[in-house]
1. In the chain, carbon and sulfur make up what percent of the accessible area (probe 1.4 Å)?
2. Extent of the chain along each principal axis, from alpha carbon coordinates, in Å, largest to smallest?
3. Of Lys87/Lys195; Lys65/Lys165; Lys14/Lys184, which sit over 28 Å apart, Cα to Cα?
4. Hey, if we sort Ile24, Ile132 by accessible area with the 1.4 Å probe, largest down, what's the order?
5. Using a Gaussian network for the chain with springs between C-alpha atoms less than 10 Å apart, which of these wobbles most: Gly194, Gly128, Gly96?
6. Mean shadow of region 130-175, computed from the convex hull of its alpha carbons, in nm²?
7. At a 1.4 Å probe radius, which order do Ser117, Ser30 fall into by accessible area, largest first?
8. Please compute the net charge surrounding Ala173, taking Lys and Arg as +1 and Asp and Glu as -1 over other residues with Cβ under 10 Å from its Cβ.
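The values are calculated or read from the model by the stated rules, or taken from the named source; none is laboratory data. Bear in mind that the values here come from a model prediction, so they are computed numbers and not experimental data. Cβ coordinates were reconstructed from backbone atoms using ideal geometry, including for glycine residues, and neighbour counts include every protein chain displayed. These area figures cover heavy atoms from the full protein model, side chains too; ligands, DNA and RNA do not enter into them. Shrake-Rupley method; radii C 1.70, N 1.55, O 1.52, S 1.80 Å.
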Amino acid sequence: MMNKTAGIHMLKAKNQAWEHILEIARRVHSETPALSTFAPWPTDITIAPQAVPQEQPETAINAVKAYGASHPLIKAVQDHADDLVWKQSYRDDDLGRDFMDHYGYIELFGPDGMFISHQCRGFIGYWGAGLIYPMHQHAAEEIYLVLEGSVTFEGQDQAPMLYRKGQTRRHSAYEPHAMRIGEKGFMTFALWRGKDMAQPPRLMV
């Protein structure tokens, strides 16, 4: 059984890992005009209680750890992947087992994030090669920054557009959009804003 001192040391190390990732994300935000214009860096960030979720998407986490990338934000996530709180917005019945095995994200900050903020939500997400994320929408306004890989975004009234590393894509509130993931997969730092940003996405199929 772990003694109290060892537990405190482990908690401190985890906090430091989370804060390291948060600091790198803050630098990415400040160095990317499209992100800093979309939403200012939140000023109400506090670390969340570190409750361990009941189930983590292990296959997706392992894929993230094995993902070839040089971006410092991805590398920081990979270094501490097992200490982060990974989420999935759907179930097998929604998108299938293969999709769920190759998809996952952390809510770095937000109402339900590793860090709590009610001003903005920040996500670091992964989708595996060849996945199709069907048409969906959400109440929040959204911006994606492609950290690594490529993705083709599709809209109901827009021609498909391919986005690569360093490019950004915005969606308005309730704007329908779909994603086709490129051959290397896709990793992103995404922001949500708006009064209803706590509402989850909804599939349109």
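1. It is 51 percent, rounded to a whole number.
2. The Cα atoms of the chain stretch 58, 36, 31 Å along their principal axes.
3. Violating the 28 Å Cα-Cα cut-off are Lys14/Lys184.
4. Listed by decreasing accessible area, they come as Ile132, Ile24.
5. Ranking Gly194, Gly128, Gly96 by mean-square fluctuation puts Gly96 first.
6. Dividing the Cα hull surface by four gives the mean projection, 3.3 nm².
7. Ser30, Ser117
8. Neighbourhood net charge equals -2.
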